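> The structure's right below; bear with me while I get my questions together.
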Amino acid sequence: MSNTKVDVHAYAVPLLHAAKYPSSAVCGVLLGTNTTDGLQVETAVPFFHHWTTLTPMLEVALKQTEIYAKKNNLVIVGCYYSNARTEDNVLPDRAIKLAETIKKNNGDKAIIFLVNNKQFSKLEQDESAITVKEPFNSEEVSLIQKDTYSKVRGLFSSSAYNRVYDFDEHVENVSLDWLSSSKLAL
Amino acid sequence: MNKFDHLKAVEELQTFRMTNERNSERVTILGARIIKDNYTSKLGDQIWPFYEQIAVAALDVQDFTLADFCIDKLKERFTEKSLRFRRLLGMRFEAQGQLDEAQEVYDTILQEDDTNMVNKKTKTKQKSILIKYLARNKEQDMIDALTKYLDTYYDDHEAWLELCDAYLSKHMYDQAAYCCEEIILLQPSNHICYLKYAEILYTLNHLPLAFKHYCKVLELCTDNVRALYGLQLCASKLLTSTEVNHVSDLHALATERLLQVYKKEPAESMKQLIQEYLSQ
């Protein structure tokens, strides 16, 4: 049975993105590699924090991320979403739609991360603030680094979310390198 | 160690008040420091909008100690007779998730406010609707309530915006487009309205219309990057169409303007990526 492994970046970047915009829904894609053992989710690229249901910029961001991923020997393996309201843990339809598109280009494999907002406000506990929604295949998901949770706690104490930029911010100020958010120094 | 510049902090807070930017973390940090260092004595009359601003920001970041400090100061000066002060109490309930109590506060404010403060009244009415439904996840009810509200107060562009976003979250793009049209009527020189409209039209696959509206955005706001991307995207899909004129010209123009915008940026990797993207 294949295993899905998640690097600390793939866990941290979506949460930092969500934290930067606490009153909004946010979304982005996950980059990784398809190995013989299963999916390896390396990192995430933050896309939007407003107008998340509109498509033109999604197409632009996806195309640019594809180019970027290729340059870094990665592929788009999934997407992540965070709802605006704390109690809202319904996976939005557009997340499933996006994942379907990603699946087509990734040999029928895609993973969806949904931020668990309730757990997100309790980071002091060693429990995942991300729910892995895989309507496509049921696989085992594990974090690669043992100290992922404590690393993320450290990132939050240092307000690292101010170093994460998304595509929406990039189009307001093109000098912000949104794609490099995926290479965030931890 | 950097010396904290109080004057600069005060100016920054003033700017936030003017632009209405929601940067609560920064505001609380600056406000708390100003209060701690007793710089408040130098603010004169500005101290009251200051306390209001810090209170709201503190509620946003759940710093109830700071919020209560500011609210108490405002209470001493304005008492509960002030409707504007009472709105703060409503917000405090909201911040604690006590929606019923917040609802009550807003409703009593609405009942008592029979003065000519129309602006404040509509804002409170709006808030009342949003608490009733948005915060409690009753989006359809909120849509109905806002629609009814907008029948009377049809020039409340913020309410149109809320309604638009409510429709968007339910993927009701046609209705959202209609809201945008109303907002455009109210704010005909606001390029963001046209931008949102263009993006909704694109999502609805009305490419020629989206194309036209992206052009309008660029008319109002030169080199708006989002609009340039949108225009380039629309144009690339309309190249074979006979419906719209000047597609290939505008496609070339958008591409050229994007390259120009990115030329000014130092990051070589980004420039290369954009070139690759634009040549596809």
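The values are calculated or read from the model by the stated rules, or taken from the named source; none is laboratory data. In this text the structure is predicted, and so the values were computed from the model without any measurement. Methodologically, a virtual Cβ is constructed for each residue, glycine included, from the backbone with ideal geometry; neighbour enumeration extends over all protein chains shown.
> Quick one: is A:ARG153 at pLDDT 90 or above and under 30 Å from B:CYS221 (Cβ atoms)? Spell out the reasoning first.
Values: at pLDDT 90 or above: yes; under 30 Å from B:CYS221 (Cβ atoms): no.
Against the criterion (at pLDDT 90 or above and under 30 Å from B:CYS221 (Cβ atoms)), A:ARG153 does not qualify.
> Moving on. Filtering the range B:253-279 down to residues that are farther than 27 Å from B:GLU219 by Cβ and not in a helix (DSSP H, G or I), which residue is modelled with the highest pLDDT?
Here the answer is B:ALA267.
> Moving to a separate point now. For the range A:137-186: of the residues being more than 27 Å from A:LYS70 (Cβ to Cβ) and within 11 Å of chain B (Cβ to nearest Cβ), which is surrounded by the most Cβ atoms within 10 Å (Cβ to Cβ)?
Only one residue tops the list, namely A:TYR161.
> Evaluate the range B:30-52: report whether one residue or more is under 20 Å from A:LYS20 (Cα atoms) and β-branched (Val, Ile, Thr).
Looking for residues that are under 20 Å from A:LYS20 (Cα atoms) and β-branched (Val, Ile, Thr), one finds none in the range B:30-52, hence no.
> Quickly run through the range A:41-82 and pick out the residues that are among the hydroxyl-bearing types (Ser, Thr, Tyr) and either more than 17 Å from A:SER24 (Cβ to Cβ) or more than 9 Å from chain B (Cβ to nearest Cβ) (or both).
A:THR43, A:THR55, A:THR65, A:TYR68, A:TYR80, A:TYR81, A:SER82
> Does A:ILE130 qualify as being out of contact with any Asp or Glu (no Cβ under 9 Å at 6 or more places or on another chain), modelled with pLDDT under 90 and away from chain B (no Cβ under 13 Å)?
Working: out of contact with any Asp or Glu (no Cβ under 9 Å at 6 or more places or on another chain): yes; modelled with pLDDT under 90: yes; away from chain B (no Cβ under 13 Å): yes.
Yes.
> Name the single residue, out of those in the range B:253-263 being more than 8 Å from chain A (Cβ to nearest Cβ) and either touching a Lys or Arg at 6+ places or on another chain (Cβ under 9 Å) or among the charged types (D, E, K, R) (or both), that is nearest to A:LEU176 (Cα to Cα). Show your work before the answer.
At the first step, the residues of the range B:253-263 found to be more than 8 Å from chain A (Cβ to nearest Cβ) are B:253-260, B:263.
Filter once more, keeping what is either touching a Lys or Arg at 6+ places or on another chain (Cβ under 9 Å) or among the charged types (D, E, K, R) (or both): B:256-257, B:259, B:263.
Details: B:GLU256: 20, B:ARG257: 18, B:LEU259: 16, B:LYS263: 14 Å.
Result: B:LYS263.
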